[in-house]
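Asks: Here it is, the structure, as structure tokens.
What follows draws every value from the coordinates through simple rules; no lab data is involved. These numbers were taken from a predicted model, which means no experiment stands behind them. Glycine also receives a Cβ, built like all others from the backbone with ideal geometry; neighbour counts cover every protein chain displayed.
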Amino acid sequence: MLLVANWTPNSVSVIDVIQSKEIARITTGLSPYGIGIAPDGSKALVANYDSNNVSVIDLATKQETGQITVGEKPWDIAVTPRGDYAIVVNTKSNSVSLIAMNTLQVVKEIPVGEWPWYVALSPDGAFAYVTNNGSRSISVIDLGAKEVVKTIALDFKPWTITVSQDGSKAFVVNNDEEVVTIVDLTI
């Protein structure tokens with residue numbers, strides 16, 4: 001199963017990859033973009049940019065079961081490998097919303113840099129790395145402490161991010177030059 005966010009008409013398509021066809025279309029909030037899936041495959045969370053919330057989707061029934069209010073203009077979302085938290089990047093409020101997956105409630109709003117867009121997790125799920133396009137930095141969030149523990153200054157505007165399997169490097173799209181820049185996370 002593959003999930004695809006449809007900015008308009010405000011939905012998520014469920015794709016059967018074996019049959020190569022859409023098997024369901026689920027209505028969401030306004031302008032869905034980022035999707036995070038629980039490790040057990042039971043639910044997906046969808047960041048709805050223009051309604052400032054996250055849709056909760058039951059993947060068995062293929063229905064939206066609720067919405068969670070988050071910060072302004074949520075864009076990207078990641079779920080920890082253990083499935084305990086979802087991290088939602090709120091671009092306009094310069095924050096991330098930390099959602100407890102067991103209660104589906106925001107447990108903390110964590111301030112980050114200016115115009116954050118994307119999030120990636122360390123392989124063990126202990127840290128979240130948020131790209132801040134406006135302040136040219138990466139915020140490092142300790143998910144146990146639920147706070148930013150480090151800000152990595154960059155000389156470019158970061159966009160998307162992924163972390164190496166050993167957690168030592170981040171691969172970041174450099175929005176200024178349209179190249180991938182490798183950032184050492186061990187410093």
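Asks: Could you list the residues of segment 6-31 with an amide nitrogen less than 14 Å from a label point located 7 Å from the Cα of Thr61 in the Cα-to-C-beta direction?
Replies: 27
Asks: Loop sites only, by DSSP: take the GluC sites (Glu not before Pro) in the chain that have at most 15 other C-beta atoms within 10 Å and name the longest stretch containing none of them.
Replies: Here the longest run is 1-71.
Asks: Further question: What fraction of the Cα pairs in segment 79-141, stated in percent, has a spacing above 14 angstrom?
Replies: 50 percent
Asks: Please name whichever of Asn102, Pro116, Ile141 sits farthest to the positive end of the charge dipole of segment 70-180, dipole taken about the Cα centre and charges placed at Cβ: Lys and Arg +1, Asp and Glu -1.
Replies: Asn102
Asks: How big is the Kirkwood radius of segment 16-112, worked out from every pair of different alpha carbons and given in Å to one decimal?
Replies: After inverting the pairwise mean of 1/r, the radius is 13.4 Å.
Asks: Given 0.36 nm per residue, what is the gain on full extension from Glu72 to Val107 after removing their alpha carbon distance, in nm?
Replies: 11.0 nm
Asks: Determine which aspartates and glutamates satisfy two conditions relative to Lys157: a Cα distance under 20 Å, and not lying fewer than 8 residues away in the same chain.
Replies: Partners found: Asp76, Glu114, Asp176, Glu177, Glu178, Asp184.
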